[in-house]
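Input: a single structure, listed below in structure tokens.
The values are calculated or read from the model by the stated rules, or taken from the named source; none is laboratory data. Just so it is clear, the model here is predicted, and its values are computed rather than measured. Here the Cβ positions follow ideal geometry from the backbone for every residue, glycine too, while neighbour counts run over all protein chains shown.
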Ligand code: ADP
Ligand code: MG
């Protein structure tokens, strides 16, 4: 998608707008690529994440909305406790490439996402006290977005929650790239294509080793300030696999922030009917029943389960939207032990899916009620006494009726969150 209207072609070492020197790729999404950059100016933060959007008018319009939302979160109330759990914008400007005009947004620099953390756990999940710390901060960020900024995020999921890393760690990554450039080392393409937190490209490791030996250094497998994520991940055995690569970047005193306001909207001005990534999509959105802040809370519930178990709470199958929706509704029905009749009758889509309070074309015998508490005990081997409060917490977040669902503030007072000493 590096074409007209698409991503901006970037090379490591490029200096953008005479200010930002590109060091490594941090990530990418449907709209953008994101780069670790060193700020060559005296003022402002030393390192930033530079989000460079695709250039087609549609993407520019989305970027402009994102900027307005980011400006709102930056200015409404910086003293609010949840302010520091939202990734903040530093600056914004335009860049020109052969593919067109790209909107660039510089953001405070963060580390890997919770998806990276889950991958690092080999999808076994994260230790429960860390899940608790993470979810607490996500909810605190949402109290700020919802109650102060009147913004619905609409895309809460692991890849949009970023973990804070020490600046010393960022400095080492950038330092290594600077040494390479001083020595005139030509970097292989894999440096541009691979993301810094995954680096699973074995070519890249090989070239790293080669370059390092050429300059008489050894690639260190760990850095002095490394903070080991291994404390956070769960070593639950799965598929008889016990091998595990200890990750290297996360402080056990984990701090997170909510990122990616690229799909966010105002509570009184929605941009789209269909929101959220499938697995994290709230019941009312599937039903076409309108949505507000509670849609984000549903996603938090899905994410909390996933962080704790390594597996998604709802992962519907189906090749068409219709079949995926039906599968999704079956899964919700089975997990919650049914859906109240009045909920099955609300929303523009309700008649497509339900008749007389039951899922159309799905014989009731095909549904197997398997509530969260029992899933935790039977499938994930939790102790019943641990499963009860966690399942209670999750059920307050994936409550089918958005009006009864916990708000972010209410969820923060939940006894499961409170019981973990954080
Ligand atoms: P998109 O709107 O295209 O999905 P995101 O804002 O989600 O873009 O950014 C894409 C990826 O880039 C993220 O999943 C994350 O890995 C990385 N990223 C985004 N913002 C930052 C940041 N401030 N610091 C570090 N990495 C970031
Ligand atoms: Mg994203």
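List of remarks:
- Lone unmet requirement of (1) at pLDDT 95 or above; (2) within 22 Å of residue 173 (Cα to Cα) for residue 295: (2)
- Condition broken by residue 94, with the remaining ones in (1) within 16 Å of ligand 1 (Cβ to nearest atom); (2) more than 25 Å from residue 189 (Cα to Cα); (3) in a strand (DSSP E or B) satisfied: (1)
- Candidates 138, 62 - the one that is part of a helix (DSSP H, G or I), within 16 Å of ligand 1 (Cβ to nearest atom) and more than 15 Å from residue 254 (Cα to Cα): 62
- Checking the range 37-49 against the condition returns a match, with at least one residue being within 16 Å of ligand 2 (Cβ to nearest atom) and modelled with pLDDT of 95 or more.
- So residue 322, is it assigned to a helix (DSSP H, G or I) and under 19 Å from residue 399 (Cα atoms): no
- Leading residue by the ranking (nearest to the chain's Cα centre (by Cα)) among those in the range 270-293 that are buried (at least 22 other Cβ atoms within 10 Å of the Cβ) and assigned to a loop (DSSP other than H, G, I, E, B): 276
- The set of residues in the range 141-167 being in a helix (DSSP H, G or I) and away from ligand 1 (no atom under 16 Å from the Cβ) consists of 142, 143, 144, 146, 147, 148.
- Tallying residues that are within 16 Å of ligand 2 (Cβ to nearest atom) and under 22 Å from residue 48 (Cβ atoms) within the range 156-171 yields 5.
- In the range 370-389, the condition of being within 20 Å of residue 292 (Cα to Cα) and surrounded by 14 or more Cβ atoms within 10 Å (Cβ to Cβ) is met by no residue.
- Selected residue [under 24 Å from residue 161 (Cα atoms), assigned to a strand (DSSP E or B) and either over 18 Å from the mean Cα position of the chain (by Cα) or within 16 Å of ligand 2 (Cβ to nearest atom) (or both)] from 24, 68: 24
- Helices (runs of 4 or more DSSP H) contained in the range 383-422 and holding at least 1 residues under 14 Å from residue 138 (Cα atoms) and modelled with pLDDT under 95: 415-419
- Scanning the range 168-199 for residues that are in contact with a helix residue (DSSP H, G or I) (Cβ under 6 Å, 6 or more places away or on another chain) and in a loop (DSSP other than H, G, I, E, B) yields 185, 188, 194, 197.
- As a summary of the residue check, residue 267 satisfies the conditions (1) touching a strand residue (DSSP E or B) at 6+ places or on another chain (Cβ under 8 Å); (2) buried (at least 16 other Cβ atoms within 10 Å of the Cβ) except for the one numbered (2).
- Residue within the range 41-53 that is touching a residue at least 60 places away in the same chain (Cβ under 8 Å), assigned to a loop (DSSP other than H, G, I, E, B) and within 13 Å of ligand 1 (Cβ to nearest atom) present: yes
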